[in-house]
Amino acid sequence: MYFSNLCGARNGWKPLAYVAFAGVCLAQVDPGPRAGAAGAGGPYPTLAAQEQAVFIAAQGVFKEVDSVSGAIESGVGLGPTFNANSCAACHAQPAVGGTSPAVNPQVALAKLDHPSPDPYPQTVPPFIKANGPVREARFVLNPDGSLDGGVHGLYTIAGRTDAPGCTLAQPDFATQLANRNVIFRIPTPTFGLGLVENTADATLQANLNSTAAQRAALGIRGKLNTSGNDGTVTRFGWKAQNKSLLIFAGEAYNVEQGVANEVFMNERSAVPGCVFNATPEDRTNTTEAIGSASGMSGDVVNFALFMRLSAPPQPVTPPTTSQSNGQALFHNVGCELCHSASLTTAASPYTGMSSVTYHPYSDFAVHHMGANLADGILQGAAGPDEFRTAPLWGLGQRLFFLHDGRTPDLLQAIQAHVSPAFDCVISASSDIFEFEPSLKVFAPTSASTFCGSEADKVIANFNALSGGLTGQKQDILNFLRSL
């Protein structure tokens, strides 16, 4: 069934699914990713010349393509399992350091550097599409029913011309999909993360405390995820599970590309016949003199420097009247209670990055999002339906939304914040959940009701706004696409 522009489609006829939610015809539409130059991707603007040179060099390492031992592509250490062969392959939209690009590079990896005929052909998993988001796959449960939660690489190096003798098979995704035991994550943008890293724990806690009364009135709780070692705030990743950009980079290098490094030393899936390099594969360069032109730092240090010294995404300026109205409405309906507009950095060793007020539109806390978004994965203190508030800066040029990239439509992403469950029972043990993968149910172990989303009342406020292409909902969409 198709509806015409009377239902709000701007450019001709649109499928019903595009203009309808819960059976109601919607006139407002996601304007889509804005055109024009990328509003991100460069160095922080106040950096000194030497710091900018470091950023450019680190960006080059971020773009490096890995092979198994460096005999094909120059980078070393790919596999035994992997999801990508370069950081920049997945962090690419709208510029290097961003998120999933329009053409998914993971499809081509199935045959890259494989001979013909191929003794161990790799199969593109069914959830990886050429026009879909870059994804990693996690299994919720192990075969014995215990929690898994780990990433299972899409591909192995078996069959590659630079991995003779490796016969490691790909995971059995078909069976796991049939068992509803697979969840997905897409790449998070890395722009401006040095500002986030240098925001004091006390600042994040004070920001959360400052809206406690308003949040409570709307059923919003939220907490900062913390390190189990020293109790300090962790803030990177979909569940705010990583403490620093170095840890964030080291984990991603090991998990996504299979490169053992000085942060995550051991190979994953290191089966006989599939290990070709000494450990760690990425390491400090001890063969060059200190201060040499080639440098001493390993890749993960350069990855962290690239993210740390990058500029935040820039919004549209000046905003239109609709975008300005949308910003005010975004605040009024309660979105800003989680998507905090402003935070301020502490003292920084980098030029011009001290005491900077920046605009991430995130509190970097984790919140219960209910069964509709729950993934069954526990990371740090974040439970199976808890996620870090996704920073919205740069949203105007993103192509896919939510932790699993399930939709390219901003309006659908907003509505997905609603849980179909009932309100959460708050008690001493209500943050302990059991996961039943066949039912996709997340229930407090001591209560009979399901846990709903903390965003339910905020989305109800949004849904109560006027519709139409010139209405209040459209103003919010236009504002978000201006970021």
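Measure up 129/239; 63/473; 63/239; 223/473; 239/473; 239/457 against 32 Å on the Cα-Cα distance and list the ones that go over. Long pairs (Cα-Cα over 32 Å): 63/473. Can you classify region 41-165 as rounded, prolate or oblate using the Cα gyration tensor, where a ≥ b ≥ c are the square roots of its eigenvalues, rounded means a/c under 1.5, and otherwise it's prolate if a/b beats b/c and oblate if not? Prolate, since a/c reaches 1.5 and a/b exceeds b/c.
Its DSSP H runs of at least 4 residues, each contributing -39,500 (n - 2.57), put the calculated 222 nm mean residue ellipticity of the chain at -6000 deg cm²/dmol, to the nearest 500.
Helix 245-256 and the longest principal axis of the Cα set of the chain meet at an angle near 70°. For region 35-109, a/c is not less than 1.5, where a ≥ b ≥ c are the root eigenvalues of the C-alpha gyration tensor, and a/b does not top b/c. That puts it in the oblate class. Rounded to the nearest 5, the antiparallel percentage of DSSP beta bridges internal to the chain is 95%.
Principal-axis analysis of the Cα atoms of the chain puts helix 49-62 at an angle of about 80° to the longest axis. Between the alpha-carbon centres of region 142-163 and region 35-96 there is a gap of 24 Å. Taking Cα atoms, how many degrees apart are the long axis of helix 299-308 and the longest axis of the chain, rounded to 10 and kept between 0 and 90? It works out to around 30 degrees. Of the residues 89, 179, 108, the one whose Cα sits farthest towards the positive end of the charge dipole of region 31-189 is 179 (charges of +1 on Lys and Arg Cβ, -1 on Asp and Glu Cβ, taken about the Cα centre).
Give the label of the value calculated from the structure for Cα extents along the principal axes in Å, choosing from (1) 63, 53, 53; (2) 66, 52, 49; (3) 66, 59, 53. Answer label, from the structure shown: (1). In sequence order, region 275-283 has phi-based couplings of 10, 10, 10, 5, 9, x, 6, 9, 8 Hz under the Karplus curve 6.51 cos²θ - 1.76 cosθ + 1.60, θ = phi - 60°, and Gly or Pro positions carry x.
Dipole magnitude for the chain: computed about the Cα centre from +1 point charges on Lys and Arg Cβ and -1 point charges on Asp and Glu Cβ, it is near 1280 debye. The aspartates and glutamates within cross-link reach of residue 243, meaning a Cα-to-Cα straight distance under 18 Å and a gap of 8 or more places when in the same chain, are 197, 201, 230, 251, 262, 363, 386.
Since only 304, 367, 381 are under comparison, the one whose Cα sits farthest along the positive direction of the charge dipole of the chain, derived from C-beta charges on Lys, Arg, Asp and Glu, is 367.
Note on residue 146 and residue 169: the extension gain reaches 6.0 nm, defined as 0.36 nm multiplied by sequence separation minus the Cα-Cα distance.
The mean of 1/r over all pairs of different alpha-carbon atoms in region 351-404, once inverted, gives a Kirkwood hydrodynamic radius of 13.1 Å.
Laboratory data are not the source of any read-out in this text; all were calculated from the coordinates shown. These figures come from a predicted structure and were not determined experimentally. Here Cβ is always computed from backbone atoms with ideal geometry, including for glycine, and neighbour counts include all displayed protein chains.
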